[in-house]
Amino acid sequence: MEFKELETELNIVGAFMANILIAEIVAKGKVASGNLRDSVEYQIARTENSYQVDLLADRYINNVSDGRKKGYPKSKEDQGFLENLIKWVLIKGKASDDKSARAAAWAIRESIFQKGIPATNIIEFAIEQIDRQIDEMVTAAIDRDIKNHFNEMFNKLG
């Protein structure tokens with residue numbers, strides 16, 4: 001049995017999911033370069049017995065959503081952290097040259113290590129929004145596919 005209605009609806013669901021996550025990224029003010037927002041996409045995978053809609057984004061979305069606890073790193077877990085902060089400072093226009101960007105990044109890094117970064121919970125919020133509507137959308141599409149299948153069967157008989 002083909003599930004044309006379901007496949008169409010899953011593409012709508014995937015776009016809906018991506019748009020909800022993007023809207024939450026923007027609403028929480030987590031757009032500096034736009035890379036995180038622009039990395040959000042969906043993918044539909046089909047196996048013999050099921051469909052799966054995956055929501056994808058750059059890995060650091062977890063850091064944005066979960067925040068960062070205060071404390072100094074015990075290993076090289078924050079390697080590249082300063083370099084990323086320097087890029088962020090320049091993107092946000094908080095410094096005009098590399099020297100002042102590096103100084104600002106050091107100060108921000110120290111503040112983060114002392115205070116942490118609060119969680120935004122953008123992933124959890126997006127999941128809550130998505131869950132509210134997906135069941136209705138997918139169930140309706142499956143119902144249409146089943147009706148279409150039976151109509152095709154009856155038309156062949158009659």
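Can you tell me how many residues in segment 118-136 are surrounded by 14 or more Cβ atoms within 10 Å (Cβ to Cβ), touching a residue at least 12 places away in the same chain (Cβ under 8 Å) and in a helix (DSSP H, G or I)?
Our first condition is that a residue be surrounded by 14 or more Cβ atoms within 10 Å (Cβ to Cβ); within segment 118-136, this holds for 119-123, 125-127, 129-130, 134.
Cutting the leftovers down to touching a residue at least 12 places away in the same chain (Cβ under 8 Å) gives us 119-123, 125-126, 129-130, 134.
From the residues that got through so far, the ones that are in a helix (DSSP H, G or I) too are 122-123, 125-126, 129-130, 134.
Matching residues across segment 118-136 total 7.
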>> One residue is enough: does segment 43-54 have a residue meeting the conditions in a helix (DSSP H, G or I) and either in contact with a His (Cβ under 6 Å, 6 or more places away or on another chain) or loosely packed, with under 14 Cβ neighbours inside 10 Å (or both)?
In response: no
> Hey, among 152, 110, which residue is modelled with pLDDT under 90, in a helix (DSSP H, G or I) and farther than 30 Å from residue 55 by Cα?
Replying inline: 152
> Residues in segment 128-149: is at least one in the same structural domain as residue 62 (by TED's automatic domain parsing), under 30 Å from residue 73 (Cβ atoms) and out of contact with any helix residue (DSSP H, G or I) (no Cβ under 7 Å at 6 or more places or on another chain)?
Replying inline: no
> When residues of segment 137-158 are filtered for being within 29 Å of the chain's Cα centre (by Cα) and either crowded, with 16+ Cβ neighbours inside 10 Å or in contact (Cβ under 8 Å) with a residue 12 or more places away in the chain (or both), how many remain?
Replying inline: 5
> Restricting attention to segment 104-117, and to residues there that are surrounded by 14 or more Cβ atoms within 10 Å (Cβ to Cβ) and aliphatic (A, V, I, L, M), which single residue is farthest from residue 64 (Cα to Cα)?
Replying inline: 104
>> Between a residue in segment 45-59 that is assigned by TED's automatic domain parsing to the domain that holds residue 9 and any residue that is among the polar types (S, T, N, Q) and surrounded by 10 or more Cβ atoms within 10 Å (Cβ to Cβ), which pairs come within a Cβ distance under 6 Å, given they are 6 or more apart or on different chains?
In response: 45/52; 54/43; 57/39; 58/39
> Which one is farthest from the chain's Cα centre (by Cα) among residues in segment 12-24 that are at pLDDT below 95 and of a type in the set (Val, Ile, Thr)?
Replying inline: 12
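Can you tell me which residue is modelled with the lowest pLDDT among those in segment 60-82 that are of a type in the set (Lys, Arg) and within 24 Å of residue 101 (Cβ to Cβ)?
Residues of segment 60-82 that are of a type in the set (Lys, Arg), as a first pass: 68-70, 74, 76.
Narrowing further to those that are within 24 Å of residue 101 (Cβ to Cβ): 68, 70, 76.
Values: 68: 88, 70: 90, 76: 65.
Only one residue tops the list, namely 76.
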> Which of the residues that make up segment 63-107 are of a type in the set (Gly, Ala, Ser), outside any helix (DSSP H, G or I) and farther than 20 Å from residue 29 by Cα?
Replying inline: 71, 75, 80, 96
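The values are calculated or read from the model by the stated rules, or taken from the named source; none is laboratory data. Owing to the predicted nature of the structure, the values given are computational and were not obtained by experimental measurement. Backbone-built Cβ (ideal geometry, glycine too); neighbour counts: all protein chains shown.
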